[in-house]
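> Once you've had a glance at the structure underneath, I'll fire off some questions.
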Amino acid sequence: MSGDLYREQLLDHYHNPTNYGVLEDADIDIEMDNPTCGDEIHVTARLDDQGQIEKVMFEGQGCVVSMAAASMLTEEVVGKSPAQISEMGLSDVQELMGGVRLSMGRVKCALLALNAMKQGLQEAGKR
Ligand code: FES
């Protein structure tokens with residue numbers, strides 16, 4: 001895929017995010033911000049009987065990279081266990097985003113939702 005297509009895909013997720021909102025009866029409910037810019041994200045998630053992610057929703061205010069990454073992540077993590085999520089890192093998010101190379105300043109943006117998710121699992125005692 002060309003760079004332009006990646007960008008279009010990111011913009012599409014940014015403008016029409018998947019799973020945007022707040023989940024009721026959430027097992028995981030966490031807010032996190034990116035201290036370098038003040039952007040914020042609120043992630044809620046529910047686990048199924050097997051302890052795997054059943055549904056994730058997010059809301060927040062942020063740049064294209066952070067919001068698009070969050071939107072993509074809410075699709076990607078469904079069916080995964082907390083252990084699998086805790087092993088995810090930057091390369092997984094970059095892959096989700098079509099293999100984009102991110103500058104140092106953008107890495108935090110891309111990881112905001114994943115880090116929130118991980119901390120939420122930890123706080124909920126799932127990891
Ligand atoms: Fe704030 Fe990207 S500039 S999360």
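> For a test of the definition: using alpha carbon positions, the gyration tensor, and the 1.5 limit on a/c, classify the chain as rounded, prolate or oblate.
Numbers: a/c = 1.65, a/b = 1.54, b/c = 1.07.
Here the chain falls in the prolate category.
> In percent, what relative contact order does segment 36-83 have, based on Cα pairs under 8 Å that are 6 or more apart in sequence?
Once normalised by length, the contact order is 37 percent.
> Mind telling me which of SER91, SER66, SER103 comes out most flexible in a GNM of the chain, alpha-carbon contacts under 10 Å?
SER103
> Over the chain, what is the mean sequence separation of C-alpha contacts under 8 Å (at least six apart), divided by residue count, expressed as relative contact order in percent? Show your work: numbers first, answer last.
Working: 215 pairs, mean separation 35.1, N = 127.
Computed value for the chain: 28 percent relative contact order.
> Still on this structure, please answer the following. Rounded if a/c is under 1.5, else prolate if a/b beats b/c, else oblate: with a ≥ b ≥ c from the C-alpha gyration tensor eigenvalues square-rooted, which is segment 1-53? It would help to have the intermediate numbers written out before the result.
Numbers: a/c = 2.63, a/b = 1.53, b/c = 1.71.
Oblate.
> Now, a different point. For the chain, with a Gaussian network of springs between Cα atoms less than 10 Å apart, report the residue from THR44, THR74, THR36 with the top mean-square fluctuation.
THR36
> Under a cut-off of 16 Å between alpha-carbon atoms, report the lysines in cross-link reach of LYS126, not counting same-chain residues fewer than 8 places apart.
Within the straight-line limit of under 16 Å, LYS126 reaches these lysines: LYS55, LYS80, LYS118.
> Hey, another quick one. Looking only at LEU73, LEU102, LEU47, which one moves most when the chain is put into a Gaussian network model with springs between Cα atoms under 10 Å?
LEU102
> Nearest 5 percent is fine: what portion of the DSSP beta bridges confined to the chain is antiparallel?
Working: 14 of 15 bridges.
Antiparallel: roughly 95 percent of the beta bridges in the chain.
Each value in this text was obtained by applying a stated rule to the coordinates, not by laboratory testing. Note that this is a predicted model, so its numbers are computed, not measured.
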